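Here is the structure we will look at, set down as structure tokens.
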Amino acid sequence: MSLRKLVAGNWKMNGLRISLGELAPIGRAATAAKRIDVAICPPFTLVAQAAANADGIAIGGQDCHFATTGAYTGYISADMLTDAGASHVIVGHSERRSANHETDADVRAKAEAAMEAGLVAILCIGETDKQRDAGRAGLAVASQLDGSLPRTATGDTLIIAYEPRWAIGTGRTPSSGEIGEMHKLIRAKLIDILGTEGVRVRILYGGSVTSHNAAEFLSVPDVDGALVGGASLTAAQFVPIIEAAENVSQ
Ligand code: PGA
């Protein structure tokens with residue numbers, strides 16, 4: 001079964017108000033691309049303004065807390081993102097798993113909070129280079145998925161992003177064959193855990209996606225879209241990725 005693809009941009013800690021100017025051309029490309037969905041996850045400071053102005057683009061946060069409210073200085077809850085106009089949120093990004101020591105249990109609680117608040121959770125998983133070199137990439141990814149996937153997830157409330165850690169921001173990527181193998185494994189595990197609903201959960205590939213490799217990666221079976229970091233910061237780089245996704249969805 002082929003699922004509707006999603007091309008999502010993760011701006012990370014990049015973007016000032018002036019950067020919102022990129023959203024108009026991205027929105028035009030997104031509106032023209034009828035067969036796919038497009039999302040941008042800007043920093044928290046831009047979420048409300050982006051959501052108010054983005055035409056044809058879903059807006060997401062890059063993280064949320066597992067609690068709704070409370071004494072958690074500096075954090076943002078899923079409800080706050082919904083209130084600001086977001087429809088999506090990334091949880092368990094590898095930069096947060098490593099820099100903030102987020103565990104699978106933490107990530108699962110965040111994904112549950114996101115779904116509870118009506119957001120679509122984009123749940124990131126991916127192996128380290130050491131794990132891949134040791135031939136344990138599949139095991140590592142399956143165990144992360146098992147530990148961080150909410151059991152109530154559906155194809156409408158949750159998306160998986162497979163992002164090998166060693167491919168993020170490095171310009172190094174797995175081969176299409178390696179990506180296909182891992183997405184197949186993730187699909188099987190999703191069905192194992194969620195039953196038939198696991199067939200409907202989209203699985204994005206992320207890690208050094210650019211306009212040069214997007215068409216190739218997006219043509220791989222079970223690659224239902226892309227999570228794009230660096231190449232999502234400007235419309236000039238991101239629009240060709242949207243167009244590639246639309247073209248391979250013919
Ligand atoms: P990258 O980042 O495209 O810059 O490698 C991807 C991500 O971290 O989501």
On the accessible surface of the range 26-248, probed at 1.4 Å with all protein chains in place, carbon and sulfur together account for a percent value of 51
Residue by residue through the range 82-95, the couplings from Karplus 6.51 cos²θ - 1.76 cosθ + 1.60 with θ = phi - 60°, in Hz, x for Gly and Pro, are 4, 4, 7, x, 6, 10, 10, 8, 7, 10, x, 4, 4, 5
Cross-link reach from K34 to lysines, straight Cα distance under 24 Å and at least 8 residues apart if same chain, gives K5
Percent relative contact order for the chain, counting Cα pairs under 8 Å at least six residues apart, stands at 22
Computed over the range 26-248, protein heavy atoms only, probe 1.4 angstrom, the accessible area per residue in square angstrom equals 41
Taking placed amide H atoms and a strict 5 Å upper bound, the residues 5 or more places from L123 or on another chain that come that close are V91, I159, I160, A161
Expressed to two decimals, the chain has a Cα Rg over Rh, using the Kirkwood radius, of 0.93
GNM on the chain, Cα springs under 10 Å; top mean-square fluctuation among D222, D192, D146 goes to D192
Per DSSP loop assignment and a cutoff of at most 15 other beta carbons within 10 Å, the chain keeps its longest run without exposed chymotrypsin sites (Phe, Trp or Tyr not before Pro) at 76-250
Comparing G206, G74, G180 in a Gaussian network model of the chain (Cα, 10 Å), the one with the largest mean-square fluctuation is G74
For the range 203-220, Karplus-derived ³J(HN,Hα) couplings (6.51, -1.76, 1.60; θ = phi - 60°; whole Hz; x for glycine and proline) come out as 10, 8, 9, x, x, 6, 6, 9, 5, 7, 10, 4, 4, 5, 5, 6, 8, 6
In units of 2.2 N^0.38 Å, the Cα radius of gyration of the range 147-249 is 1.07
In terms of the charge dipole of the chain, which places +1 on Lys and Arg and -1 on Asp and Glu at the beta carbon, the residue among A78, Q250, A137 farthest towards the positive end is Q250
Expressed in Å to one decimal, the Kirkwood Rh of the range 121-171 from all distinct alpha-carbon pairs is 11.7
In Å, the C-alpha Rg and Dmax of the range 1-85 are 14.0, 45
Residues meeting the amide H criterion for V7 (H placed from the backbone, H to H distance under 5 Å, 5 or more places apart or on another chain) are D37, V38, A39, A226
Eigenvalues of the alpha-carbon gyration tensor of the range 208-250, times 5 and square-rooted, give semi-axes in Å, largest first, of 17, 11, 8
Expected max-MSF residue from R28, R136, R17 in the GNM of the chain (alpha carbon, under 10 Å) is R17
Calc'd 3J(HN,Hα), the range 140-155, phi into Karplus 6.51 cos²θ - 1.76 cosθ + 1.60 (θ = phi - 60°), Hz, glycine/Pro = x, comes to 5, 5, 5, 6, 5, 5, 4, x, 10, 8, x, 6, 8, 5, 10, x
Under 5 Å from the placed amide H of D63, counting only residues 5+ away or on other chains, we find I90
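The values are calculated or read from the model by the stated rules, or taken from the named source; none is laboratory data. Since the model is a prediction, treat every value here as computed from it, not as a measurement. Using ideal geometry, Cβ is built from the backbone for each residue, glycine included, and neighbour counts are taken over all protein chains shown. When the accessible area is computed, the model is the full protein with side chains, heavy atoms only, and any ligands, DNA or RNA have been set aside. Shrake-Rupley method; radii C 1.70, N 1.55, O 1.52, S 1.80 Å.
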